[in-house]
Each structure stands twice: as C-alpha cells, then as structure tokens.
1. How much FRET efficiency would the formula 1/(1 + (r/R0)^6) give for L281 and Q246, where r is the Cβ-Cβ distance and R0 is 25 Å, rounded to 0.05?
2. Straight-line reach from K86: which aspartates and glutamates have a Cα under 16 Å away, not including same-chain ones fewer than 8 places off?
3. Taking all pairs of different Cα atoms in the chain, averaging 1/r and flipping that mean, what Kirkwood radius in angstroms comes out?
4. In nm, what is the difference between 0.36 nm times the number of residues separating E107 and R331 and their Cα-Cα distance?
5. Amide H to amide H under 5 Å from E125: which residues, 5+ apart in sequence or cross-chain, H placed 1.01 Å off N in plane?
6. Can you list the residues, at least 5 places off or on another chain, whose amide H is less than 5 Å from the amide H of R316, using H built in the peptide plane?
7. Given the peptides 16-23, 152-159, 289-296, arrange them by the average over their residues of other C-beta atoms within 10 Å, most packed first.
8. Given a 1.4 Å probe and every protein chain left where it sits, what share in percent of the accessible area of the chain is carbon and sulfur?
Amino acid sequence: MLVEHELPTTTLAAVWYGTNDLRLEDRPLPRLGPTDVAVDVVGCGVCATDLHLLDGSISLYAPPKVLGHETGGTVVAVGEAVTHVKPGDAVALDTSVPCNTCFFCREGRPFNCPNRVSVAAGFAEHNVVPGTVVYKLPAGVKPEMGALAEPLSCAIHAAERGDIRPADTVAIIGAGALGLLVLQVARLKGATHIVVSDLDPSRRELALRFGANRVVDAASENLVDVAREMTEGRGVDCAFEAVGTQRTLEQAFELPRQGGTLVQVSVPPNTARPAWPAYELFSRELTIRGSFVRTNEFRRAVDLLGTLDLAPLVTRRFPLRRVQDAIQAARGRDGIRVLVGPG
C-alpha cells in the first residue's frame, strides 16, 4: 500500500477551457483526506455529454474542468476512515456529491441538487475522490469495465421511467452504447418484443446479439411501420429515443400506442426543438418523460456488471495523450463506446 508521501501530487489531464478547446496539462491532485480514495484511471468512456460540452451545444459546468465522467480504475490508496475498498480493488466512480439537505436531495433526486459538486475527472491518469463515489466492482470484472457503470445506471433509470412491464413491446431509436444498454435492461425487466433502429449495420448486429427481436435500417426502413406491424397496428408500449436529433425525437412521438410512453434518454443539443402535435398528445393520452442521469441506480448498475456481458460495447481504446483522437472517433461514430486510458 502506498503511503501519502508516495502518492503523485499532479496528474496529466484533459482540461476543457471552452468550445473546442481541450488541453492536455498537468493538474494538481488534492491531498488524500481521511475519507478519500486515490484511484489510477484505467478507462473512461467518451460520452455524448462530453461531445456537446466541447462543441458548445449544451452547458452543464463552467470551464476550466477536467472532462470524463464514465470512469473505471484501480484503488492505490485510501484514507484512514475508508473501509469499503482497499488498494488493488477494481472500482467504478460515480460522478458527483449532492448536498443531501436541499429540497431535491430530500425528494430522492440528487442530480437535480443545485449544490451538487462534480468530482468527475476521468480524462486523467489519477483521481483523488471522496469515498462515497467509489464502488467496488464484482469479482472478476476488469477495472476498465467500471467505465460502463455510469451509462448503465442511466439506462436503468430510463427503463424505470418507462415503467416497463413483463410482455411489453419496446422500440429503441439508436443503437449506441446507451440505446444498447437500455435494450439489455428492458429485457431484464421482462419486455418480450423489442425493435431497435440504427444506421450502422454493426450496431444493428450487436442489438440482435443483445436480445432485440427485430432491427431496422434507419436509412431504408420505416421504424414506425415496423413497430405497428409487430403490434397489430397499435404501436409499442414504450419507446426510447437515444439519438438526440430533432428528427429522431419527432419520429419517437409516433411510436407509442394510445396510452403508451415515450422516454427521451438522449442528450440533445439546445437547438433541438421537436414539433409534436398537441392534439395527439391529448387524444392518445401519451406519457412523455425525460430521463436525466439517474437517482439511486448506480449501485445496481455496478452489480449488473458482474452479470451482463457488456465487453462488446467497448470497441475503441485510446491513450490519454491521444484524447483528441478519441473525441473524433466518438464524434464520427467510429466505435460504440470509445475509452480513454493511461498512456
């Protein structure tokens, strides 16, 4: 076990300074406090949120900030009060610390907390974080797979927002990492007929491998027609939009049956303004729900990493010094989940 004076005091990190301005630089690490954990980052996923922050289409934080919030790694040291993990443990890192005293925290909605402090800094070699955000991975799960705990927790939250029941029919627009994770969770919750739409043939193939009954080439087939064919003309019980464009958001509105549900789980740019016919919302009695991050699903996501085979989602890996290449690969849909790791 490393003692404190042996821990690094700085880390190479990718720091966001504003629109299209991401710089590699050495950043100071905080001292290891009694309730802190020092972690060597093994893998951090490039998420749509990172891409939108970089291109200026959304605003969540004020720069400068180290990006990367889907982080898996290995514990190298713990503070004297930490007992739930030890050096050598493979872990996943949650992203922030809520205040636990505001209205939203006490309503069980920590990601609506106005005082929430982000501790995510996955595009770095090392992290020192509060022990409360550190989760030990199940036995046998590699540290880099901890990077999938965060998007999996978002998928669990989305499926719960959709109130999926056994024997439900489900449509998913988008077979990126999040759409494919929603597919896996929908299966676990009992959905028996699932159709997934995507432009990429390799992603459609993986959707079939993950349990989709039918896949749709978005360039040549009409997902709405296919969904109605598989439901005797009704439409699906629940639709998930996991792309985040105005066109796909508008298409998703057409998918649910009367009394059905639409869950938007994508991270759209601020410019997306879907035009939904208000009378149909009224006459079809649709439920439309956003799915923003999660509430308390992170622990369950970590546990599921020991059960689900999610390794096929990780298709590209880049060392930290090539983080710009990783960003470009993710932006160009070159791979499903792109990871940034040490080196």
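1. Numbers: r = 17 Å, r/R0 = 0.68.
E between L281 and Q246, to the nearest 0.05, is 0.90.
2. E4, D36, D40
3. On the way: mean 1/r = 0.0484 Å⁻¹.
After inverting the mean inverse Cα-Cα distance, the result is 20.7 Å.
4. 77.1 nm
5. Under 5 Å from the amide H of E125: L12.
6. Long-range HN contacts for R316: I336, R337, L339.
7. Working: 16-23: 13.5, 152-159: 27.2, 289-296: 17.2.
Averaged packing, sorted descending, gives the order 152-159, 289-296, 16-23.
8. Numbers: 7660 of 15140 Å².
C and S atoms contribute 51 percent here.
The values are calculated or read from the model by the stated rules, or taken from the named source; none is laboratory data. All values reported here derive from a predicted model rather than from experimental measurement. No Cβ is skipped: glycine too gets one built from the backbone with ideal geometry, and neighbour counts run over all protein chains shown. Protein only, heavy atoms only, side chains kept; ligands, DNA and RNA dropped before computing areas. Shrake-Rupley method; radii C 1.70, N 1.55, O 1.52, S 1.80 Å.
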